Amino acid sequence: AEQQSQQQSALEERIADMDVVVTTALVPGRPAPLLIPASAVERMRPGSVIVDLAAETGGNCELTEPGSEIVRAGVTIVGLTNLAATMPYHASQLYARNVSALLQHLAPNGELALDFADEITAGACVTRSEVAV
């Protein structure tokens, strides 16, 4: 609990200096975890933007209103649900670019080279030697 409190304090301190914050934290089958309390929004500079991609399940920002774009304390909070559907062409381009980058990382010379000590590789693989990891 103490460590989580320290992490939350550090996050709130950093958020105050950000112009744009994009949140994506989701827990399958549960409401989105609260990462940005109203007090953190109030410390942000006017004109800053929070894009809450977890809005559909309640949002990571305390002030997010799912389905809406609002302004609080001069900060725009984008809580549109299924935001990717509003720009499918660009979302598809970004997804394809990310998949391409992952494949190039996993097979740098066209040959699969899995380094399980690598954070990206370890996080992308769900099995190793036919055993779930």
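The values are calculated or read from the model by the stated rules, or taken from the named source; none is laboratory data. Small disclaimer: the values here were computed from a predicted structure and weren't measured. Note that we place each Cβ from the backbone using ideal geometry, even for glycine, and neighbour counts take in every protein chain shown.
Note on segment 38-56: residues that are in a loop (DSSP other than H, G, I, E, B) and surrounded by 15 or more Cβ atoms within 10 Å (Cβ to Cβ) total 4.
Among the residues of segment 76-107, those that are farther than 22 Å from ALA55 by Cβ and part of a helix (DSSP H, G or I) comprise GLN93, ALA96, ARG97, VAL99, SER100, ALA101, LEU102, LEU103, GLN104, HIS105, LEU106.
Hey, can you tell me all the residues within segment 1-12 that are under 15 Å from CYS61 (Cα atoms) and charged (D, E, K, R)? The one that is under 15 Å from CYS61 (Cα atoms) and charged (D, E, K, R): GLU12.
Close contacts from segment 39-55, counting a first residue that is over 13 Å from GLU13 (Cβ atoms) and a second that is charged (D, E, K, R) and modelled with pLDDT under 95, with Cβ to Cβ under 9 Å and a gap of 6+ residues or different chains, come to ARG45/ASP17.
Just one residue in the set GLY29, GLY59, GLY123, GLY110 is closer than 26 Å to GLN4 by Cβ, at pLDDT below 95, in a loop (DSSP other than H, G, I, E, B) and not polar (S, T, N, Q); that residue is GLY29. For beta carbons closer than 6 Å, sequence separation of 6+ or different chains, a first residue in segment 106-133 that is of a type in the set (Lys, Arg) and a second that is part of a loop (DSSP other than H, G, I, E, B), there are no qualifying pairs.
Would segment 25-33 turn up any residue that is surrounded by 13 or more Cβ atoms within 10 Å (Cβ to Cβ), in the same structural domain as ALA10 (by TED's automatic domain parsing) and not small (Gly, Ala, Ser)?
Just the residues of segment 25-33 that are surrounded by 13 or more Cβ atoms within 10 Å (Cβ to Cβ), to begin with: 25-26, 32-33.
Next cut, in the same structural domain as ALA10 (by TED's automatic domain parsing) only: 25-26, 32-33.
Add one more test, that the residue is not small (Gly, Ala, Ser), and what stays is 26, 33.
Yes: one or more hits.
Among the residues making up segment 79-114, those that are loosely packed, with under 11 Cβ neighbours inside 10 Å and either in contact with a helix residue (DSSP H, G or I) (Cβ under 6 Å, 6 or more places away or on another chain) or farther than 30 Å from ASN60 by Cβ (or both) are PRO108, ASN109, GLY110, GLU111, LEU112.
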